Every structure is written in structure tokens, then in C-alpha cells.
Amino acid sequence: MADDVNLNSDIRGVALEGVEGEDVNLTEPVAEAIGAAFAGWLVEKKKADASQHLRVSIGHDSRISAKLLQNAISRGLAGAGLEVVLYG
């Protein structure tokens, strides 16, 4: 994963070209990996197994890249077996 992506209480990075002097570091593959990693953390935290149903909701703001990132993160979560509910 890109070392430049800031992962504190939210996800920050450059998702689209056009920011002068900044390279894109929050790509779809990175966002998908973040979703998968969060799913792994959540399963471990909840001590969940395949019989348990874990649901995660995702919202976004009005940025141009929001839907792209929401979809990529959703793929990572769903690929790990979580149910994803999308909100705008």
C-alpha cells in the first residue's frame, strides 16, 4: 500500500490527478486493500466466523472521487465476506 496515505480516523490521500505538486496515491487498488484490511481487523475484533453476519455502512462527501473510492472500499469489504450498505 502507498506509504503516503494518511490512515488516522479517516482516509486521506490524493485520489485524482490535478493537484499541483502531488502524485495520486489513493488509487482504487489502495482503497480496495484498505477495505479488505479493515474487514480483517473487524472480523478479528468481533471474533467473527463464517456463521456470523457482519454489516458495514459507507457514506461519502461530495468530492469528485467519492463514489470511486466508496465502490473500491466496498469491493474490499465484500470480498472479505462483509455485507456493505452504501449511503451518499
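Restricting the range 20-56 to residues that are crowded, with 17+ Cβ neighbours inside 10 Å and assigned to a loop (DSSP other than H, G, I, E, B) leaves a set whose member that is modelled with the highest pLDDT is T27.
Which residue is farthest from E32 (Cα to Cα), if the candidates are limited to the range 57-85 and must be assigned to a loop (DSSP other than H, G, I, E, B) and aliphatic (A, V, I, L, M)? Looking at the filtered set, the residue picked out is I64.
What do you reckon, is G13 surrounded by 15 or more Cβ atoms within 10 Å (Cβ to Cβ), touching a strand residue (DSSP E or B) at 6+ places or on another chain (Cβ under 9 Å) and modelled with pLDDT under 85? Yes; evaluated as a whole, the condition is true for this residue.
Name the residues in the range 57-70 that are out of contact with any Ser or Thr (no Cβ under 9 Å at 6 or more places or on another chain) and either touching a residue at least 12 places away in the same chain (Cβ under 8 Å) or loosely packed, with under 12 Cβ neighbours inside 10 Å (or both), would you?
Of the residues in the range 57-70, the ones out of contact with any Ser or Thr (no Cβ under 9 Å at 6 or more places or on another chain) are 57, 59-70.
If the condition is that a residue be out of contact with any Ser or Thr (no Cβ under 9 Å at 6 or more places or on another chain) and either touching a residue at least 12 places away in the same chain (Cβ under 8 Å) or loosely packed, with under 12 Cβ neighbours inside 10 Å (or both), then S57, G59, H60, D61, S62, R63, I64, S65, L68, L69, Q70 are the ones that fit.
Of the listed requirements (1) exposed (fewer than 13 other Cβ atoms within 10 Å of the Cβ); (2) farther than 29 Å from E17 by Cβ, A80 misses just one: (1).
The values are calculated or read from the model by the stated rules, or taken from the named source; none is laboratory data. For clarity, every value in this text was computed on a predicted model and none was experimentally measured. Neighbour counts run over all protein chains shown; Cβ positions are idealised from the backbone, glycine included.
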